[in-house]
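Everything on this sheet refers to the single structure shown next.
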Amino acid sequence: MLLNGPVNRMAIVGTIHVTCPACGANGDAKLVQSINARNEAETKRELLAGALNVYTCACGRRTQLEANVLYHDPDAPLFVRACPDAAELDAALAQFTAAGASGTLRVVRTLNALIEKVKLVDAGLEDWAIELDKVLLLSTLGELDQPLWFERVDHDAGHLHWVLAARGGHAPQPLASPLAGYDQLVQRAASRPSPTERVIDRAWAIRAAELLVAAAN
């Protein structure tokens, strides 16, 4: 269990044995499973840089290690847990309640999704409105099944900046959308998730968007 109390004060770090998927060589890799943003600033920087839990083989292949990772920012306050195994999702949700955690509580399936939640909180943005904005943007592009990641917000220019994931041999594509669209979504109180909602993702946003359309009709 990663969540042992309302505040995890230090990173939980271990070592695992890894077989390189490219060359088959074996090696050891550092695996971080719990981060406290207040006390582990360098670990947070590694996370946001995409360097956390990455094994680099002597052959040059870099492999993202799949693991449960708990991120806690007591100043936000924010708890996000990356839970790659769907079978453990219910247990991950229950642990928040058992530990007495409070604030914004989220469970995601990938480390990239965890990174995005951290970026959004640091930018002062609501993740549920961002997920809705993603669905609307991707729908206009005809790319609803493609991963789209929040990159940054430019308040001066009034833009949200995104990265559309690489696909079909194409490189990742930078995109921008009006910040005003996000602001309009935030004003829709009916779209705001309940305080007990823990999984705010693409599936949640599609359901929420369908309800918005139904209400408009």
Report, to two decimal places, the Cα Rg of region 1-122 normalised by 2.2 N^0.38 Å (N = number of residues). 1.07
Check the chain for me: any Cys whose beta-carbon has no other cysteine beta-carbon within less than 4.7 Å? Cys83
Could you give me the percent of Cα pairs per 10 Å distance bin for region 123-217, shortest bin first, beginning at zero and ending with the bin that holds the maximum distance? 15, 49, 31, 6, 0
Quick check: net charge around Gln33, other residues with Cβ under 14 Å of its Cβ, Lys/Arg +1 and Asp/Glu -1? -3
Most fluctuating residue given options Arg109, Arg61, Arg198, as computed from a GNM of the chain linking Cα atoms under 10 Å: Arg61
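Counting other beta carbons within 10 Å of each Cβ, put Val32, Val80 in order, fewest first.
Starting with the residue having the fewest Cβ neighbours, the order is Val32, Val80.
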Relative contact order (percent, whole number), region 1-116, Cα cutoff 8 Å, 6+ residue spacing: 24 percent
Per 5 Å bin from zero, what fraction in whole % of the C-alpha pairs of region 116-169 is there, up to the bin with the longest pair? 4, 18, 30, 25, 15, 6, 2
Could you give me D for region 26-89, from Stokes-Einstein at 10 °C and 1.306 mPa s, where the hydrodynamic radius is the Kirkwood radius over C-alpha pairs? Units µm² s⁻¹, please. 123 µm²/s
Considering Cα pairs under 8 angstrom that are at least six residues apart, work out the relative contact order of the chain and quote it in whole percent. 14 percent
Helix-only CD estimate at 222 nm, as mean residue ellipticity for the chain, using -39500 (n - 2.57) per DSSP H run (n ≥ 4): -10000 deg cm²/dmol
For region 123-217, calculate the relative contact order in percent as a whole number, restricting contacts to Cα pairs under 8 Å that are 6 or more residues apart. 30 percent
For a quick check: sort Arg167, Arg106 by the number of other beta carbons within 10 angstrom, fewest at the front. Arg167, Arg106
Share (percent) of C-alpha pair distances in the chain greater than 33 Å works out to 19 percent
Calculate, in nm to one decimal, what Gln184 and Asp85 gain on full extension: separation in residues at 0.36 nm each, minus their alpha carbon distance. 32.2 nm
Taking other Cβ within 10 Å of each residue's Cβ, how do Cys23, Cys57, Cys83 sort, fewest first? Cys23, Cys57, Cys83
So the angle from the long Cα axis of helix 202-216 to the longest Cα principal axis of the chain, reported in degrees to the nearest 10, equals 10 degrees
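No value in this document is a laboratory result; all are computed from the given coordinates. All of these numbers come straight from a predicted model, not from anything done at the bench. In this analysis, Cβ positions are derived from the backbone assuming ideal geometry, glycine residues included, and neighbour counts consider all displayed protein chains.
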